[in-house]
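Have a look at the structure below, then the notes.
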Amino acid sequence: QTNYNKISRFIEEIPDDLKKAYSFSEAGRQDLREKFDEGDSVKHKLFGEGTILEIRWDLAIVKFANPTFATRKVPLRLVEKI
C-alpha cells in the first residue's frame, strides 16, 4: 500500500527554483491530475489494463480487467492513458 503525507506547511519558505528542481511544487501534481478523468482506460506496467473509477489527490482507484488484481489504488504517475 502506498501512503502519502500532506505537503509541509513550511514548503512555501523554499525558493521556487529549488522547488522545481526537487518537484515539491503542487503544479506537477495538478498537471498529472488534469491528464486523467474518471472512466479513462489506463495501463499499468504490472497490473495491465483497467478503468479509472475515481481520482483522489494523486491516486487513481482503478478496476483492472484481470480479476486477479481487482480494484486497486495506484499513483497516477504509474499509469498511462490508452
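So the values come out like this:
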{"quantity": "Contour minus Cα-Cα distance for ILE82 and LEU32 (0.36 nm per residue)", "calculated": "16.5 nm"}
{"quantity": "Theoretical FRET efficiency, 1/(1+(r/R0)^6), r = Cβ-Cβ of THR71 and ILE14, R0 25 Å, to 0.05", "calculated": "0.10"}
{"quantity": "Burial ranking of peptide ranges 33-42, 50-59 (average Cβ count within 10 Å, highest at the top)", "calculated": "50-59, 33-42"}
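No lab work stands behind these numbers, since they all come straight from the coordinates. As the structure is a computational prediction, the values presented were derived from the model and not from experiment. No Cβ is skipped: glycine too gets one built from the backbone with ideal geometry, and neighbour counts run over all protein chains shown.
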